[in-house]
Amino acid sequence: MTNKLLLLLLFLFLLPFFCSAQNHMANDGIVSIDKTGFKRYGKTYLIRGANYWYGMNMGSLLGGNRVRLDTELDQLVAMGVNNLRIMAGSEGPDDPQQTFRMQPSLMTSPGIYNEQIFQGLDYLLDAMGKRNMTAIVTLNNFWHWSGGFSQYVAWVTNTVPPYPTRNSDTWGAFTKYTSQFYKDAIISKSCTDLFKAHINTVQERKNVMNGKRYKDDPVIMAWQIANEPQSAPASWYDDLAQFIKKGAPQQLVTSGIESMLDYTDFTNAHSSTAIDYCTCHLWVENWGIYKADDPNGLQRALTYATNYIDTREKWATSIGKPIVLEEFGMARDAWKQPNNIEYKYDPTTTTEHKDIFYNHLFSQVTQMVKQGKAFSGSNFWSYSGIGRPTDPPTSWVGDPPHEPRGWYSVYDQDTTVNVIRKYNEELEKLMDELD
C-alpha cells in the first residue's frame, strides 16, 4: 500500500473526529470576534440588547423577586432581546441613609461578600442561559449608585466621598475624588489590588444553580471593566483588560466607556490587545442636547445622534474593532405638560418623542449593519418590565436609585416595546442573511 493511500485512509478515519471538534467549537455558545463583528454558534451574532443592571438583586432571595425576574426575562425574549448588560459589582456599606446605592450590596466590605446576592447573580445567569441569552457583565462603576470606584477610594483612604445629590452641584468634586482610583499612583495601586481580587472572585465563582464557573459559562459574552470610566489612562485599561483576559481567556473584554469625549479618550480605552470591542453611550438629555419639556428639541437630538453614531463608528473602524451602542435613553413626553416636571416620570405619560428617538437610532444602526460597518448592535436603557415608579421604594425599576424613578425606564406596556421588537426582528433577519 502506497504512502499516499495510507495518508488518505488516515485522513478519512480522522475526518469525523475533526468535524465533531469543529462543530463543538462552533456550538459551545461562546461569543467570539470575527473581523469587525461577533460570532456565536459559528454564525453572525448581533446584539439585540437591554440594560438590566439590577438583575442580580432581583434574582436574590434577599430583597428580590424571582417570579418577577422570570416574567421580565420572558418578556424580553418575546421582544427579541438576546443580550443583557448587568452588574456583577456593588459595594457597601449597606446604610439605609444612603438611598442612592444598590442595596443590599454584593461586597459589603473589601473581600467580604453577601452570599445571598451572589446567589441572585447565579440565578440570573442560569435563567438567562435557559433562554439562550448572553450577558455583558459589568464589574465596577465610576458612579456612586452601586458603590463603585468612590467606595474603593473611601476604603483605601478612610475618607468620605463628596457624594452628589439631585439638587447639588458637587459632580465636579465627586469626579475628582473618584478619579483617584486611577490617577493617584499610591491610591490607584491599592484600589486596583482590591478590584483585581474582586474580579478573580467573580470569575472563579461556581454557580450554585448549575455548577458552572463564571469564567467558563457561555452565557457571559463579555466582561466589562466598569460603567463609564472618565478619562482613564491607556495603561490602566490595558492592565485590567489583560488581567481579566488571563482569568477568563474564552470570554470577551471591553471597557464600558461612554465615548463622549474625543478620539484620544476613545483610543485610550480601546487600543489594548486585550480589549475585544468598543463601546459608546448616548444621553442627549444628560448632555444638554435635549430637554423633555421642549417640543422643538427632538430634531436637535436626532441630528446630534446621527453625527455621534457616525463618528464613533469611524473611530471603531480606525482601530479595527466592533462597537456597540450599549446605553441610550429618553424621558417621557414632559413637553405636553411643560409646567409639571413630574409628568416626565409618570408611567402613564406618553412616549412619542422617545419612540421616534429609539426608531431613529435603531434605523441608523441597522443600516450600518447592512453596509458591513463596525456597529454590531445596541442595548437600550433600561428595562423596568412590570415595575413602576409608583411601586414601593424597595421595588427595583430601570432607573438607578440616585435618579428620579421613571426617568428613562421602559415598561412592559409602553409603545416603545413595539419599536424595540420591530428592530430586533429586523436584526434577527439580518443575522440569517449575513451567513
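Kindly establish whether residue 199 is surrounded by fewer than 16 Cβ atoms within 10 Å (Cβ to Cβ) and assigned to a helix (DSSP H, G or I). Criteria not met by residue 199.
Search the range 206-223 for residues being charged (D, E, K, R) and under 20 Å from the mean Cα position of the chain (by Cα), and hand back the single one that is surrounded by the fewest Cβ atoms within 10 Å (Cβ to Cβ).
In the first step, residues of the range 206-223 are kept if they are charged (D, E, K, R); the result is 206, 212-213, 215-217.
Still in the list and also under 20 Å from the mean Cα position of the chain (by Cα): 215-217.
Numbers: 215: 18, 216: 15, 217: 25.
Of everything passing the filter in the range 206-223, 216 is surrounded by the fewest Cβ atoms within 10 Å (Cβ to Cβ).
If the condition is being polar (S, T, N, Q), closer than 20 Å to residue 381 by Cβ and in a loop (DSSP other than H, G, I, E, B), then the range 72-112 contributes 82, 90.
Show the residue pairs meeting these rules: Cβ distance below 7 Å; 6+ apart or different chains; first residue within the range 208-227 and of a type in the set (Phe, Trp, Tyr); second residue assigned to a helix (DSSP H, G or I). Matching pairs, first to second residue: 214/202; 214/203; 223/244.
Of all residues in the range 46-83, those that are crowded, with 24+ Cβ neighbours inside 10 Å and among the basic types (Lys, Arg) total 1. Within the range 408-435, being in a strand (DSSP E or B) and more than 15 Å from residue 68 (Cβ to Cβ) holds for one residue alone: 410.
Scanning the range 101-112 for residues that are surrounded by fewer than 19 Cβ atoms within 10 Å (Cβ to Cβ) and under 27 Å from residue 49 (Cβ atoms) gives a single hit, 104.
Determine whether residue 273 is farther than 24 Å from residue 378 by Cβ, assigned to a loop (DSSP other than H, G, I, E, B), over 15 Å from the mean Cα position of the chain (by Cα) and at pLDDT 95 or above. Explain how you work it out, then say what you get.
On the way: farther than 24 Å from residue 378 by Cβ: yes; assigned to a loop (DSSP other than H, G, I, E, B): yes; over 15 Å from the mean Cα position of the chain (by Cα): yes; at pLDDT 95 or above: yes.
So residue 273 passes the test.
For the subset of the range 373-407 comprising residues that are of a type in the set (A, V, I, L, M, F, W, C) and part of a loop (DSSP other than H, G, I, E, B), which member is surrounded by the fewest Cβ atoms within 10 Å (Cβ to Cβ)?
Residues of the range 373-407 of a type in the set (A, V, I, L, M, F, W, C): 374-375, 380-381, 386, 396-397, 407.
From what's left, part of a loop (DSSP other than H, G, I, E, B): 374, 381, 386, 396-397, 407.
Values: 374: 24, 381: 24, 386: 15, 396: 23, 397: 26, 407: 22.
Here the answer is 386.
Taken together, 292, 334, 374 contain a single residue that is aliphatic (A, V, I, L, M) and in contact with a Cys (Cβ under 9 Å, 6 or more places away or on another chain), which is 374. A count restricted to the range 245-261 and to residues that are outside any loop (DSSP other than H, G, I, E, B) and either under 16 Å from the mean Cα position of the chain (by Cα) or free of Cβ contacts under 8 Å to residues at least 40 places away in the same chain (or both) stands at 5. Could you tell me whether any residue of the range 233-247 is crowded, with 24+ Cβ neighbours inside 10 Å, under 18 Å from residue 201 (Cα atoms) and polar (S, T, N, Q)? No, because not a single residue in the range 233-247 is crowded, with 24+ Cβ neighbours inside 10 Å, under 18 Å from residue 201 (Cα atoms) and polar (S, T, N, Q). Can you name the condition, by its number, that residue 186 falls short on among (1) touching a residue at least 60 places away in the same chain (Cβ under 8 Å); (2) of a type in the set (Val, Ile, Thr); (3) surrounded by fewer than 23 Cβ atoms within 10 Å (Cβ to Cβ)? Checking residue 186 against (1) touching a residue at least 60 places away in the same chain (Cβ under 8 Å); (2) of a type in the set (Val, Ile, Thr); (3) surrounded by fewer than 23 Cβ atoms within 10 Å (Cβ to Cβ), the one that fails is (1).
Would you mind stating whether residue 117 is among the β-branched types (Val, Ile, Thr), in a helix (DSSP H, G or I), under 21 Å from the mean Cα position of the chain (by Cα) and surrounded by 17 or more Cβ atoms within 10 Å (Cβ to Cβ)? Walk me through it before giving the result.
On the way: among the β-branched types (Val, Ile, Thr): yes; in a helix (DSSP H, G or I): yes; under 21 Å from the mean Cα position of the chain (by Cα): yes; surrounded by 17 or more Cβ atoms within 10 Å (Cβ to Cβ): yes.
In short, yes.
Scanning the range 282-298 for residues that are among the polar types (S, T, N, Q) and over 16 Å from residue 408 (Cβ atoms) yields one hit, 296.
The values are calculated or read from the model by the stated rules, or taken from the named source; none is laboratory data. Every value quoted in this text rests on a predicted model; they were computed, and no experiment measured them. Don't worry about glycine lacking a Cβ; one is built from the backbone with ideal geometry, like all the others, and counts go over all protein chains shown.
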